[in-house]
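The values are calculated or read from the model by the stated rules, or taken from the named source; none is laboratory data. All values derive from a computational prediction rather than experimental measurement. Positions of Cβ are generated from backbone atoms using ideal geometry, with glycine treated the same way; all protein chains shown enter the neighbour counts. SASA here: full protein model, heavy atoms, side chains in, ligands and nucleic acids out. Shrake-Rupley method; radii C 1.70, N 1.55, O 1.52, S 1.80 Å.
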Amino acid sequence: MQNQVKFQSRKVTGDGRGKLLGFPTINLIIPDQFNLEYGIYAVWIWLDAEKYPGALHYGPVPTFDKVTVTLEVFVLTEAELLNERVVAAAITIETVKKLRDVKKFDTAEALIVQMTADVAAARQLLTQ
Ligand SMILES: Cc1cc2nc3c(=O)[nH]c(=O)nc-3n(C[C@H](O)[C@H](O)[C@H](O)COP(=O)(O)O)c2cc1C
């Protein structure tokens, strides 16, 4: 298991819950032989030749009792715009730092508080 990887992927359709939580993510196909440790990471995202800072979730989604593993990124800048563009683009992601393990939160509100902190931590790491 690794916590530093660089990989290519493409977008898949998620459950659509991210938008409701205020963090619309791009859900990604998990590459073959992917061996990243489950967790939340600060990442760089390349869409074609452009590079954006992001926060990545890899693992189950225990807060919503989902055992299926998802790989998703939240783009820290221009999230709405990028979600639309990304349909056609090839996506490359490089992990920079693992921020924490995936956790089960008692409420969606508690998860939102934590995601807000994750995004702030990723932003500080990547754009300072
Ligand atoms: C930065 C970040 C951190 C996350 N941390 C957790 C977590 O600790 N526990 C969890 O159950 N889900 C976590 N998630 C996943 C969200 O629950 C997920 O994005 C949301 O349910 C939307 O999923 P969907 O796009 O499939 O609709 C995280 C997502 C992001 C972007």
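In plain terms, the bigger the Kirkwood radius, the slower the diffusion; for the range 1-114, with that radius from Cα pairs, at 25 °C and 0.890 mPa s, Stokes-Einstein puts D at 172 µm²/s. Amide H to amide H, with H built 1.01 Å from N, LYS97 comes under 5 Å of ALA42, counting only residues 5 or more places away or on other chains. Here the label points at GLN128 and THR68, each 7 Å from Cα along the C-beta direction, are separated by 3.8 nm in the simple model.
Charge dipole (Cα centre; +1 on Lys/Arg Cβ, -1 on Asp/Glu Cβ; no other charges) of the chain amounts to roughly 160 debye. Against the compact-protein benchmark of 2.2 N^0.38 Å, the Cα-based radius of gyration of the range 10-60 scales to 1.21.
Across GLU37, GLU78, GLU94, mean-square fluctuation computed from a Gaussian network of the chain (C-alpha pairs under 10 Å connected) peaks at GLU78. Heavy-atom surface analysis with a 1.4 Å probe gives the chain a carbon and sulfur content of 53 percent of its accessible area. Sequentially through the range 5-20, phi angles give Karplus couplings (6.51, -1.76, 1.60; θ = phi - 60°) of 9, 10, 8, 10, 7, 9, 6, 10, 7, x, 7, x, 7, x, 5, 5 Hz, Gly and Pro residues having no value and appearing as x.
Along the Cα-to-C-beta direction of PHE105, a point sits 7 Å from the Cα; which residues of the range 29-62 have their amide N less than 11 Å from that point? Correct set: none at all. By the helix-only formula, in which each DSSP H run with n ≥ 4 contributes -39500 (n - 2.57) and the sum is divided by residues, the chain has a 222 nm mean residue ellipticity of -7500 deg cm²/dmol. Accessible surface area normalised per residue over the chain is 55 Å², counting heavy atoms of protein chains with a 1.4 Å rolling probe.
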